[in-house]
Amino acid sequence: MGKLLRRMVWAAIAFWVVAIVATGGLAGKLGSAEKNDATTWLPKSAESTKVSELAGKFTGKDVYPAVVVYDRGGAVLSAADQDRARADIGRFAALPNVHGPVEGPVVSGDGQAIQVVVPITVGVKGISDTLPTVKSIRAMVAGSGMSVHVTGPAGYGADSADAFSGVNSTLLYVTIAIVVAILLVTYRSPVLWLLPLLCVGVALTVAQALIYLLAAHAGLTVNSDTEFLLTVLVFGAGTDYALLLTARYREELRRREDRYAAMATAIRRAGPAIAASAVTVALSLLCLVVADLNSTKSLGPVMATGVLVDFAVLTTLYPALLVLCGRWIFWPAAPRFGDPEPSGGRWMRTLTRLTVARPRRVWQLTAAALAVLALGLFGLHAAGLRPQDTFRTRPEAVAGEQVLVRHFPGGSGDPLQIIGPAAQGERLRALAAEVPGVVAVSAPATIDGLAYLEATAADATDSVAAFATVDRLRSALHSVPGAMVGGGSAVALDTLNSSRHDRNLVVPLVLSVVFLIMAILLRSLVAPAMMLATVVLSLAAALGVSAVAFGKLLGFHGADAAFPLWTFVFLVSLGIDYSIFLMARIREESTRHDATTATVIAVRTTSGTITAAGVVLAGTFAALLTLPLVFAAEIGFAVAFGVLLDAFVVRTILVPALAMDLGERLWWPRRRAKTPNARRELVSPGIPE
């Protein structure tokens, strides 16, 4: 058996060396497969998606307008200023990737601003490809003597791409620094932290390569959001798996002299819980494939791939490296054969005694406190973020839009697009002109039996008022068969509606999947129901606190429409991990102890590791707060806070108290074994004094 174990160690190392050599070159190509165009996130059945495809016949495919706005801080512009804007049009038209005629100059009614619209073509990355052209336009107008800004869809796309430039490398370095710091404190070893970090790096590289292949050859949609979320998830989950396996291995090293036998036992005992955790997270994330939004749908396979690769690496390569290094890797606190079991910290012993004495009172008070925190949910406004609210800084596109809306209709530069039968073009124009919120409608253009019109809305794109205008316009044109409305505001409205549909569909599906996995793992119906209830309560509390923090502390103006669903999936799938590890240990100990003793032993033996794992996972998601994007910061704050709540409150107080109060009923319909477990060497000491 010893020789076989040694051969398996070297086989695992060889396998992953080959894997990293084979995939290393592909991982760096993931960024080239991103699609950051909002219309590619919507399903093909969405009305705005259909309009976008047909409008390409008239405006050119994949064309986004950059709106150049000139002003002098409220002063009336002179004839020379207008001549300067007119001269700029020729220079803009000569730029690469400018498609079609440049429109303008249009002088505002008050004479204080000029508007020029530059149509820019984009490539496979979508709207983020506008960055080079927008930079060129901004360089051209610098030093004109006027205040000139580039805004509109292309301006925002360029500023978003600029904000994302270097984000992944910055996030990677910040995440590594956080993980290293926490592992140094947790392990208290100057060398042990290198092994999990090395293995997580292998997992991230292999996962990125696999996802690139899926994006390039299987039609998987990948965007900037999913790429940076993949980084923090792989680091967080992978480090958690390493912590849990290391803790059980260290425990077995005190009971066995042969480190290979100790590792085999550690994997046999901790492996099922780690596997259940990985499967729970992966399947929960894969539930997102039923979503309408492609950006949400793709998140599932991307994140699930990262988690499963994490699991494969951390349960094969990591234990192989750990056992190969020997006990010295734990220096200066290397466990020796025959060392006594640690009794846990003083605060944990005090908390355990309180829970043992009054378990029902403890869980009732804890649940009530979480319910109070959840009240903040009433202040969560997740109806989408306006373009100017998506940044934590104030990019030029935001400044330009503020000038634009002061002097022009809010929808200028990003008109609503109307498609209908060519024979009904004039009727469509007349109907659209009568819709409240529409200030101008273009003459219809006809191609291939289709009519195309542009309607300028009075309100800014992505505003609630603009959404109402889209709804009214669609209702007014409903009498014309085949008539459809698209454009920026319509895309945003369809995205919001799809997000609501996805939330209502995915949430019950994820809860069902998690319950089923827990029932299989624990062979019980009561225990998984209890665990799921505690995680949902914890999720509500985390969202409630987040809603208050977003408005009162961080100054955010609402939340992205996808925020509640993405946070739900992350927190339910990741948050239940800690309850899985705790409940699996309670179940193991319950075969030879009463419910209270089994719970105390499980809490004592897992508390330090689960707390450290929670801090690591929270730290990796908190790294998202360093990014300049509101959506990333919101996800990072909510998931980090929720994970800490699960690790320090739900797993430490709520779940143990419920387990003690329920007693043997927790394992219904399983009956307690009448004979003690035969593995007497694994019996842990009883309740600590």
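Each value in this text was obtained by applying a stated rule to the coordinates, not by laboratory testing. The structure presented is a predicted model; accordingly, all values stated were derived computationally and were not measured. Cβ sites come from the backbone with ideal geometry, for glycine too, and all protein chains shown count toward neighbours.
Judged by the mean number of other Cβ atoms found within 10 Å, the most tightly packed of the peptides 612-623, 56-67 leads the ranking 612-623, 56-67. Fewest-first ordering of CYS199, CYS325, CYS287 by other beta carbons within 10 Å of each residue's beta carbon gives CYS325, CYS287, CYS199. Rounded to the nearest 0.05, what FRET efficiency do ASP83 and ALA177 give with R0 = 45 Å and r taken as the Cβ-Cβ distance? Could you check? For R0 = 45 Å, the calculated efficiency reads 0.25.
Counting only Cα atoms, region 40-164 measures 48, 29, 25 Å along its principal axes, largest extent leading. Once the Cβ-Cβ distance of SER144 and PHE515 is raised to the sixth power relative to R0 = 45 Å, the FRET efficiency obtained is 0.10. Axis of helix 79-93 versus longest Cα principal axis of the chain: the two differ by about 60°, to the nearest ten degrees.
Put a dot 7 Å past the Cα of HIS381, heading toward its Cβ, do the same for ASP471, and the two dots end up 1.7 nm apart. Computed from the alpha carbon atoms alone, the convex hull of region 192-307 holds 98 Å³ per residue. In this structure the amide hydrogen of LEU450, modeled in the peptide plane, comes within under 5 Å of the amide hydrogens of ALA422, none closer than 5 places in sequence on its chain. Between ALA14 and ARG268, the FRET efficiency from the beta-carbon distance, with R0 = 30 Å, is close to 0.85. The gain in end-to-end length when the LEU194 to ALA433 segment is fully stretched comes to 79.4 nm, 0.36 nm per residue minus the alpha carbon separation. Scoring 425-436, 646-657 by mean Cβ neighbours within 10 Å over their residues and listing the highest first yields 646-657, 425-436.
On a 0 to 90 degree scale, rounded to 10, what angle separates helix 396-407 from the longest Cα axis of the chain? Roughly 40 degrees between the two axes. Mean sequence separation of contacting Cα pairs (under 8 Å, at least six apart), scaled by the length of the chain, corresponds to a relative contact order of 17 percent. Give me log10 I(q)/I(0) at q = 0.17, 0.20 Å⁻¹ for region 119-215, Debye formula, one equal scatterer per alpha-carbon, no solvent. Scattering profile of region 119-215, log10 relative to I(0): -0.86, -1.00. Put simply, the amide H of ALA66, placed in the peptide plane, has neighbours under 5 Å in VAL118, ILE120, ALA154, leaving out anything fewer than 5 places away on its chain. Since only VAL572, PRO421, ALA94 are under comparison, the one whose Cα sits farthest along the positive direction of the charge dipole of the chain, derived from C-beta charges on Lys, Arg, Asp and Glu, is VAL572. Cβ crowding within 10 Å, taken as a proxy for footprinting-reagent exposure, orders ILE120, ILE601 from fewest neighbours to most as ILE601, ILE120.
Modelled spin-label separation between ARG392 and HIS217, with each label point placed 7 Å from Cα along the Cα-to-Cβ direction: 3.8 nm.
For the chain, adding -39500 (n - 2.57) for each run of n ≥ 4 DSSP H residues and dividing by the number of residues yields -20500 deg cm²/dmol at 222 nm.
The long axis of helix 167-187 is offset from the longest Cα principal axis of the chain by roughly 20 degrees.
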